[in-house]
Amino acid sequence: AVRPRVARCCGALALALGGAAGVPAASLGDDPAERAGELRHVEAALAGKERSAALELYAIESRLATVAAGLAAIERRTAATERELDAVAARRAAAKATLREGHRLLGLRLRTLYEAGDTDPIALLLGAGSLQEALDGFDGLRFAAQQDQLVIESTIAARRDLRGIARALEARRTQLARLGQQAAASVEELGRAAESKRGYLARLATERGLNRRRIAELEAEARAAQEQT
């Protein structure tokens, strides 16, 4: 008695999963009510599969949303890093120009001091309005040359710092690019998994519809047979 019942269950499952063109109704037995009962077991199994698949789809979509949000954050950080690199590049260009101008001014002042050092002191004093004016001229040139030297030194230090900042930003950009590629690959993979799971759910829904329709037909046959009896 057990073996025929197992055979009928297997036949009912084959009918539900295979669709209308699957196993013929006669393979499930001759009693429509009994066949409808077997198909109701199949319906319960399909409903369980559908619930499990729906939960799996929810988990996949939740993970997909998290990874997509992470990818968007990486893209924002990458854009911010590019802006910082552009700003550092502009500052480095300005520092280079400042350094070039500082060297030029320092060279002019040192040449002026050198040439003034070869001038006859008597002629220099006679050309100046006073001794103090002559001394102030020399002192002013020396002070300006010292300031030029300080500007040059500070600019060199700033350029060194900017090089370090640029290297750090470039390393960050490289790391973000790698993380972005990984996140994009995960988004694509999870998207495919979600699409596959949706297709599976659609097939289950179709199978359940066919199974329910067959159950309704068998129940109608059973009622008709009972009325005839």
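Multiplying the residue separation of Gln149 and Ala68 by 0.36 nm and removing their Cα-Cα distance gives an extension gain of 23.8 nm.
Residues Glu188, Glu82, ordered by accessible area of protein heavy atoms at a 1.4 angstrom probe radius and largest first, appear as Glu188, Glu82.
From the alpha carbon centroid of segment 41-62 to that of segment 82-110 is 66 Å.
In the assembled protein chains, Tyr200 presents an accessible area of approximately 80 Å² (probe radius 1.4 Å).
The values are calculated or read from the model by the stated rules, or taken from the named source; none is laboratory data. These numbers were taken from a predicted model, which means no experiment stands behind them. Side chains are part of the model used for accessible areas, which takes the heavy atoms of the whole protein and leaves out ligands, DNA and RNA. Shrake-Rupley method; radii C 1.70, N 1.55, O 1.52, S 1.80 Å.
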